[in-house]
1. Scan region 5-27 for residues that are aromatic (Phe, Trp, Tyr) and closer than 16 Å to ALA119 by Cα and jot them down.
2. Give region 81-98 a look and list any residue that's of a type outside the set (S, T, N, Q), more than 14 Å from LEU138 (Cα to Cα) and exposed (fewer than 14 other Cβ atoms within 10 Å of the Cβ), or say none.
3. Out of curiosity, is THR14 among the polar types (S, T, N, Q), in contact with an Asp or Glu (Cβ under 8 Å, 6 or more places away or on another chain) and closer than 19 Å to GLN129 by Cα?
4. Just a yes or no: is a residue in region 65-79 more than 23 Å from the chain's Cα centre (by Cα), farther than 20 Å from PHE202 by Cβ and aromatic (Phe, Trp, Tyr)?
5. Say we look at region 29-58 and pick out the residues that are open to solvent by 100 Å² or more (accessible area, probe 1.4 Å) and assigned to a helix (DSSP H, G or I); which of these is farthest from CYS179 (Cα to Cα)?
6. Just to verify a result, which residue in region 152-183, among those that are β-branched (Val, Ile, Thr) and open to solvent by less than 60 Å² (accessible area, probe 1.4 Å), is farthest from the chain's Cα centre (by Cα)?
7. Could you identify the single residue in GLY113, GLY97 that is modelled with pLDDT of 95 or more and in contact with a helix residue (DSSP H, G or I) (Cβ under 9 Å, 6 or more places away or on another chain)?
8. Assigned to a helix (DSSP H, G or I), without any contact (Cβ under 8 Å) to a residue 60 or more places away in the chain and either closer than 23 Å to GLY135 by Cβ or not hydrophobic (A, V, I, L, M, F, W, C) (or both), is that true of ILE67?
Amino acid sequence: MSGHSDQKEFIYLTPMPVRIWHWINALGIVTLCITGIQIRFPEYVNIFGSYKAAIRLHNTAGITVSIFYAVWLCYYLIVKGNLFRLYVPNTYDLKMGIFRQVLFYFYHFFKGGPSPHHATPDDKFNPMQKVAYMGLMLALMPLVIATGILILNVAPLRELIILIGGIKILVSAHFLIACCFFAFLFVHVYLATMGHTPLAHFKPMWDGWEEVEHH
């Protein structure tokens, strides 16, 4: 679906359920990162008052993100039925698409060149985004949720925790995966500014519509 305004063409790229999930998920992950820093380094960071307050907020944000991740998964798997088409790279992506997109990000963008990928509702993400989101949403997110659930239930799940290496291994894995999400936040925001205008890729997350770039 597309519309026209002042000779500009727009495409409805991001439905409202996805936008709502995106901002709740973003707020949740930022909260988890900040509280996680205080929990990990309490002697250096004291943002939320007490250590227990940081843990309570961290657990609340973690449960919220987990619930909405399940909603996101059901939406794309069952309601839309296009999870793998959107998030898993195809043969072209692996053979040429990733290389072309890397070349754009590191060279052509700074020369004023167009992106080789043009988003549509059924092909929203460029090959690099597919690789990143597949790793984050289909691998790291389930892992960070699973490790978080184990940490929340140390006593009843004690035998399982021992089986996977003990509490130290579990906490370290949870922390390292969380670091990946923390790093992704900065990369995600930076790459989002690399549209034909700095805010072009932010607009669809507010109202769903993205301006079509013509060359």
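1. Answer for region 5-27, where residues must be aromatic (Phe, Trp, Tyr) and closer than 16 Å to ALA119 by Cα: PHE10, TYR12.
2. Across region 81-98, the qualifying residues are GLY81, TYR92, LEU94, LYS95, MET96.
3. On the way: among the polar types (S, T, N, Q): yes; in contact with an Asp or Glu (Cβ under 8 Å, 6 or more places away or on another chain): yes; closer than 19 Å to GLN129 by Cα: yes.
Considered against the rule, which asks whether it is among the polar types (S, T, N, Q), in contact with an Asp or Glu (Cβ under 8 Å, 6 or more places away or on another chain) and closer than 19 Å to GLN129 by Cα, THR14 comes out as yes.
4. Filtering region 65-79 down to residues more than 23 Å from the chain's Cα centre (by Cα) leaves none.
Within region 65-79, not a single residue is more than 23 Å from the chain's Cα centre (by Cα), farther than 20 Å from PHE202 by Cβ and aromatic (Phe, Trp, Tyr).
5. Among them, the one singled out is LYS52.
6. Restricting to residues being β-branched (Val, Ile, Thr) and open to solvent by less than 60 Å² (accessible area, probe 1.4 Å), the top hit is ILE161.
7. The match here is GLY97.
8. Details: assigned to a helix (DSSP H, G or I): yes; without any contact (Cβ under 8 Å) to a residue 60 or more places away in the chain: yes; either closer than 23 Å to GLY135 by Cβ or not hydrophobic (A, V, I, L, M, F, W, C) (or both): yes.
Answer is yes for this residue.
The values are calculated or read from the model by the stated rules, or taken from the named source; none is laboratory data. Keep in mind that this is a model prediction, so the values were computed, not measured. For neighbour counting, all protein chains shown are included, and Cβ atoms are generated from backbone atoms with ideal geometry for every residue, glycine included. Side chains are part of the model used for accessible areas, which takes the heavy atoms of the whole protein and leaves out ligands, DNA and RNA. Shrake-Rupley method; radii C 1.70, N 1.55, O 1.52, S 1.80 Å.
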